[in-house]
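For reference, the structure is listed below as structure tokens.
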Amino acid sequence: MSKRISIKEFQASLSEKLESASMTQPVSTVLGVLIDGHRWLVNMTDVSEVLQVPKITQVPLTHSWFLGVANVQGDLYGIADLAAYFGGVHTKVEQKTRILLVSPRFEVNSGLLVSRTLGIRNVSDFERIKDGNSSQLGVSGIYKDNQGQTWNELNLQDLVRNEEFLQVAA
């Protein structure tokens, strides 16, 4: 038979647990991705979905980094190759290549092509070594992991609100 406790004891215990939970730091999860051979971290709240590369319809007279539009569950998304946009080599579409759909809270239907995903991580597992600088759009910080590898933190909000990114016409 289970031990009986009074309502007051239960409320006190519950109150302590809630207070303890509110004092702990919230866990911030990030998605590791590979873009042009470089490791990047993307905040999970900035991404609504990760997809295999759908059929992309090219749009004439656009920048080479803008791959075209794709129909994802009845909605059209503009698809950008992040490696090419950042001045690197175009991403080769392979089995592990993925599209990150930008969160609807940014109010832009955009999908971002990445070479591959590297898994979900906890940002507390990384050491922030530098804040982002204004010389590279979209970088909000630079981190190192336990193996000493460098990771850039992608600031999707800055990227998708940037006039150059939004202007896909060549």
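Summary table below
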| quantity | calculated |
| --- | --- |
| Sole residue being of a type in the set (S, T, N, Q) and modelled with pLDDT of 90 or more, chosen from Gln95, Gln136, Gln147 | Gln95 |
| Test for Glu94: is it of a type in the set (Asp, Glu) and under 24 Å from Gln52 (Cβ atoms) | yes |
| Exclusive hit being open to solvent by 20 Å² or more (accessible area, probe 1.4 Å) and closer than 18 Å to Ser64 by Cα, set Gln167, Gln147 | Gln167 |
| Matching residues in region 35-50 - criterion: being within 24 Å of Thr150 (Cβ to Cβ) and either assigned to a loop (DSSP other than H, G, I, E, B) or open to solvent by 40 Å² or more (accessible area, probe 1.4 Å) (or both) | Asp36, Gly37, His38, Arg39, Asn43, Met44, Thr45, Val50 |
| Residue satisfying all of: in region 81-104; touching a residue at least 60 places away in the same chain (Cβ under 8 Å) and more than 17 Å from Ser64 (Cβ to Cβ); surrounded by the most Cβ atoms within 10 Å (Cβ to Cβ) among these | Leu100 |
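The values are calculated or read from the model by the stated rules, or taken from the named source; none is laboratory data. These numbers come from a predicted model, not from an experiment. Methodologically, a virtual Cβ is constructed for each residue, glycine included, from the backbone with ideal geometry; neighbour enumeration extends over all protein chains shown. For accessibility, only protein heavy atoms count, side chains too; no ligands or nucleic acids. Shrake-Rupley method; radii C 1.70, N 1.55, O 1.52, S 1.80 Å.
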